[in-house]
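Everything below concerns the one structure shown next.
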Amino acid sequence: MRRRTLLGTAAAAVATAVSDAAGAQAAPVCKDTSPTRYLGMFREENPTAIAASVKNLYGVTPAGVMWFDSWASGLAFPVSEAKALWRRGIMPNYTWEPWNTALGPNDPGQIHLTDVIDGTWDSYIRARAKEFAAVRLPILVRWGHEFNGNWYPWGIANNNADPSLYVRAYRHVHDLVTAAGARNVQWVWAYNNGSSPDAPYNDPACAYPGDRYVDWVGIDGYNWGFGPSWDPAGDHWTSFDATFATAYAKARAVAPNRPVMLGEFASTEDGGDKAWWLEEMGATLRSGAYPDLKLLTYFDLTKEEAWSPNSSPAALAVFKTWVRQRYMKGRSHELARVAGDYARSRRSLG
């Protein structure tokens, strides 16, 4: 949701190392060889409204719907809406942010990882956990995402450059939620596709809580294009592969027994051809590249950039074609089983 740093040329240099299929993105694909993928969507609306809007705008029902909430809001988890999503065949995907959005990342009154570890927020966590449990159906919870960036107060860079604090805080929240009976939660450990700053302590691998605490590995990344707000003169146009290849390889190295999702992704219109970007992405996924990438949650919002699929008629047409591809037909009840299937299959292989 804040400024991100893309990997740029470094990612492009290693993209072909991820898979031959990913590197062959420009070649025509005549056969659908992709594993099943699942469409997730975020829009700045309440969860059930997102589901209705996506159906009206793009003609599909997403497998998952994502929304955000911050701890300082004090809002209850919307149990009734989560159940309503499931009645429509949609898995709830909740981004749970431990901060006060009215304060800067380093404001003395801000929430930091030591506050989580010290138990300051335990009552709040337990209250939300009881609400998670009340859904009685699987939900995704993405806690403390993009921790390898410097734009959020829970970022490692804003917590003494100590990744162990993030691990301890993540485990603390997980354990409290589980102890309160919310065993329906599937936990998403999500990092940005590029670390800011790019320093050894900020390597996502240093902040992995362990397989016991993680059901999904999430990656956030954007094609920022030309002249984003954080670099008005810079050209940051990157293909889908250049945006995600290195981060995906990191996910496979750190947590090979867990499925991968794109927790947030989108392309701008500035500095290139967004319709082509989406077309190239579709061809790459259809080829079977990134085989463990299962859930892709599109950031459908005009915010820092015109991320929304309908930013141009050409982009909209390609997006509507992509979401109707056969390999994108996965549904919520199947999505809910992905993490468990991965864990069981990897155990049997081990």
Residues of the range 138-162 that turn out to be of a type in the set (A, V, I, L, M) and either out of contact with any helix residue (DSSP H, G or I) (no Cβ under 8 Å at 6 or more places or on another chain) or open to solvent by less than 10 Å² (accessible area, probe 1.4 Å) (or both), as a count: 4
Given (1) open to solvent by less than 20 Å² (accessible area, probe 1.4 Å); (2) over 21 Å from the mean Cα position of the chain (by Cα), number of the condition Leu285 does not satisfy: (2)
Qualifying residue in the range 183-197 (condition: touching a residue at least 12 places away in the same chain (Cβ under 8 Å), among the hydrophobic types (A, V, I, L, M, F, W, C) and open to solvent by 20 Å² or more (accessible area, probe 1.4 Å)): no
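Could you identify the single residue in Arg286, Arg331, Arg344 that is of a type outside the set (A, V, I, L, M, F, W, C) and without any contact (Cβ under 8 Å) to a residue 12 or more places away in the chain? If you could, list the steps in order and put the result at the bottom.
On the way: Arg286 fails: without any contact (Cβ under 8 Å) to a residue 12 or more places away in the chain; Arg331 fails: without any contact (Cβ under 8 Å) to a residue 12 or more places away in the chain.
Sole residue among the options that is of a type outside the set (A, V, I, L, M, F, W, C) and without any contact (Cβ under 8 Å) to a residue 12 or more places away in the chain: Arg344.
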Of all residues in the range 255-280 being part of a loop (DSSP other than H, G, I, E, B) and among the charged types (D, E, K, R), the one that is farthest from Arg344 (Cα to Cα): Asp270
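Is at least one residue of the range 163-180 assigned to a loop (DSSP other than H, G, I, E, B), open to solvent by 30 Å² or more (accessible area, probe 1.4 Å) and among the charged types (D, E, K, R)? I'd like the intermediate steps shown before the answer.
First, pick out the residues of the range 163-180 that are assigned to a loop (DSSP other than H, G, I, E, B): 180.
Then keep just the ones that are open to solvent by 30 Å² or more (accessible area, probe 1.4 Å); that gives 180.
Remaining after also requiring among the charged types (D, E, K, R): none.
Among the residues of the range 163-180, not one is assigned to a loop (DSSP other than H, G, I, E, B), open to solvent by 30 Å² or more (accessible area, probe 1.4 Å) and among the charged types (D, E, K, R), which makes the answer no.
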Residue list for the range 181-206, filter: within 17 Å of Asn150 (Cα to Cα), touching a strand residue (DSSP E or B) at 6+ places or on another chain (Cβ under 7 Å) and in a loop (DSSP other than H, G, I, E, B): Asn193
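From the residues in the range 264-280 that are of a type in the set (Asp, Glu) and over 17 Å from the mean Cα position of the chain (by Cα), which one is most open to solvent (accessible area, probe 1.4 Å)?
Taking the range 264-280 first, the residues of a type in the set (Asp, Glu) are 264, 269-270, 273, 279-280.
Now narrow it down to the ones that are over 17 Å from the mean Cα position of the chain (by Cα): 269-270, 273, 279-280.
On the way: Glu269: 49, Asp270: 72, Asp273: 87, Glu279: 102, Glu280: 9 Å².
Here the answer is Glu279.
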Some residue of the range 72-92 being hydroxyl-bearing (Ser, Thr, Tyr), closer than 22 Å to Leu262 by Cβ and modelled with pLDDT of 95 or more: no
Pairs with Cβ under 7 Å, 6+ apart, first in the range 262-280 and in contact (Cβ under 8 Å) with a residue 24 or more places away in the chain and more than 13 Å from Phe319 (Cα to Cα), second outside any strand (DSSP E or B) and open to solvent by 50 Å² or more (accessible area, probe 1.4 Å): Gly271/Trp237; Gly272/Trp237
Index of the failed condition, Lys250 passing every other in (1) of a type in the set (D, E, K, R); (2) outside any loop (DSSP other than H, G, I, E, B); (3) out of contact with any helix residue (DSSP H, G or I) (no Cβ under 8 Å at 6 or more places or on another chain): (3)
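Would you check if Ala283 is under 28 Å from Val318 (Cβ atoms), at pLDDT 95 or above and either in a loop (DSSP other than H, G, I, E, B) or hydrophobic (A, V, I, L, M, F, W, C) (or both)? Give the steps one after another, and end with the answer.
Numbers: under 28 Å from Val318 (Cβ atoms): yes; at pLDDT 95 or above: yes; either in a loop (DSSP other than H, G, I, E, B) or hydrophobic (A, V, I, L, M, F, W, C) (or both): yes.
Criteria met by Ala283.
Results for (1) open to solvent by 10 Å² or more (accessible area, probe 1.4 Å); (2) β-branched (Val, Ile, Thr); (3) in contact with a strand residue (DSSP E or B) (Cβ under 7 Å, 6 or more places away or on another chain); (4) under 25 Å from Asp162 (Cβ atoms), shown as yes or no for each residue.
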residue	(1), (2), (3), (4)
Asp211	yes, no, no, yes
Trp237	yes, no, yes, no
Ala247	no, no, yes, yes
Pro256	yes, no, no, no
Leu262	no, no, yes, no
Scan of the range 101-137 for residues that are open to solvent by 40 Å² or more (accessible area, probe 1.4 Å), within 22 Å of the chain's Cα centre (by Cα) and closer than 30 Å to Gly340 by Cα, ordered by number: Leu137
Search result, residues across the range 213-235 that are assigned to a loop (DSSP other than H, G, I, E, B) and open to solvent by 50 Å² or more (accessible area, probe 1.4 Å): Ser229, Trp230, Asp231, Pro232, Ala233
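The values are calculated or read from the model by the stated rules, or taken from the named source; none is laboratory data. A quick note: this is a predicted structure, and the numbers were derived from the prediction, not measured. Note that we place each Cβ from the backbone using ideal geometry, even for glycine, and neighbour counts take in every protein chain shown. Areas reflect the complete protein model, heavy atoms only, side chains present, ligands, DNA and RNA absent. Shrake-Rupley method; radii C 1.70, N 1.55, O 1.52, S 1.80 Å.
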